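First comes the structure, then the notes that go with it.
Where a number appears in this text, it was derived from the coordinates with a stated rule and is not lab data. Note that the coordinates shown come from a computational prediction; the quantities given were computed from them, not determined experimentally. Please note: Cβ atoms are built from the backbone with ideal geometry, for glycine as well, and neighbour counts cover all protein chains shown.
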Amino acid sequence: MRRLILLLLALGLCLHLGAQPDTTGRYAPLDSLLTQFYGALEREEISVKNNEFDSLIESCRDSLTRQHVALAIFDHYRYSRVMGEEAVAVHIYDEWIASGKVKTRSEFELFEAERFSLENRNTLIGMQAPQITLRTPCGGRRTIPEGKRPAVLFFYSPNCSKCRLETYVLPTVLAEVDFPMDFYAIDVDADRKDFRAFRKAIKTDNRKVRIVHLWDPKSESTLLLDYGVFSTPKVFVVWEDGEILGRRLEMENLQQIIQYINMLYGQEKEE
């Protein structure tokens, strides 16, 4: 099925006229085939997807069609809700956009692509979580994640309404943790009064969860570049060995990962 779709895509690319101005609906049949191709590749590894899309883009005979296909793939995986698929968009940016092989349609589109890559490059699923050194409430320094225990990194701003909403749900989510876990609550702003007040909202009665409050009031760390925290909230889950298991999560997604880790720890106890 996948090969058939790829063949049809290649045929569709060949049938497109040369570099002529785009008209409404010109690429509609091609977009329909691309949608089927995304589905056919859904269960494949990221490396397989990257190779397939590279071959597909390479087969485009004119620059406009190549541009359309590359940017369509980039946008699809940029906005994908499937965990880990952002890696495909980062690859398309590196291989085709940043290299100049494919031009964006505007300077703004290029800026958005660059920003997406910057925000996601260092924290893709399966990568080692970057270590950052932050300040404690008392002014000391702490480098996280510390390892040995699964960890959650929760980047927030006290003035962020969604951050406040998520802290209301947080006690319920953390109550389900059935394994030793570090929860790093990281304020990305610099107001000490707001930092002190917001710390009271982040709490849990679960003794298996250690909440660690941190911030970076003098912008001494590299958290913006390392974790792409240009907006809040941002939630990451890191395994004991530093591997990133979840990124940019909603509380519902965090709860699902906690349930998964609960299952792993339960299996270890049985063994």
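Beyond a 32 Å Cα-Cα separation, which of these cross-linked pairs lie in this structure: Lys49/Lys103; Lys101/Lys148; Lys101/Lys162?
Cα-Cα > 32 Å for Lys101/Lys148; Lys101/Lys162; rest within.
Under 8 Å for C-alpha pairs, at least 6 residues apart: give me the relative contact order for the chain, rounded to a whole percent.
Once divided by the residue count of the chain, the mean separation gives 17 percent.
With a 10 Å cut-off between alpha carbons and a GNM built on the chain, which of Val82, Val229, Val69 moves the most?
Answer for the Gaussian network model of the chain: Val82.
Expressed as an acute angle from 0 to 90° and rounded to the nearest 10, what is the orientation of the C-alpha long axis of helix 107-120 relative to the principal long axis of the chain?
The two axes meet at around 50 degrees.
What's the extension gain from Leu110 to Met127 if we count 0.36 nm per residue and subtract their Cα-Cα distance?
Stretched out fully, the Leu110 to Met127 stretch lengthens by 3.6 nm.
Once both axes come from the Cα atoms, what is the angle between helix 2-15 and the longest principal axis of the chain, in degrees from 0 to 90, rounded to 10?
Roughly 50 degrees, rounded to the nearest 10.
Using only the Cα atoms of the stretch 108-253, build the gyration tensor, take square roots of its eigenvalues as a ≥ b ≥ c, and label the shape rounded, prolate or oblate: rounded if a/c is under 1.5, else prolate if a/b is larger than b/c, else oblate.
rounded
In terms of the Cα gyration tensor, with a ≥ b ≥ c the square roots of its eigenvalues, is the stretch 26-76 rounded because a/c is under 1.5, prolate because a/b exceeds b/c, or oblate?
oblate
Considering only DSSP beta bridges where both residues belong to the stretch 132-270, give the percentage that are antiparallel (nearest 5).
Of the beta bridges lying entirely in the stretch 132-270, close to 50 percent run antiparallel.
How much length would be gained if the chain were fully extended between Ala98 and Glu146, taking 0.36 nm per residue of separation minus their Cα-Cα distance, in nm to one decimal?
Extra length from Ala98 to Glu146 when fully extended: 13.9 nm.
When a footprinting reagent is the concern and you count Cβ atoms within 10 Å, what order do Tyr77, Tyr27 take, fewest first?
Least to most surrounded, the residues fall as Tyr27, Tyr77.
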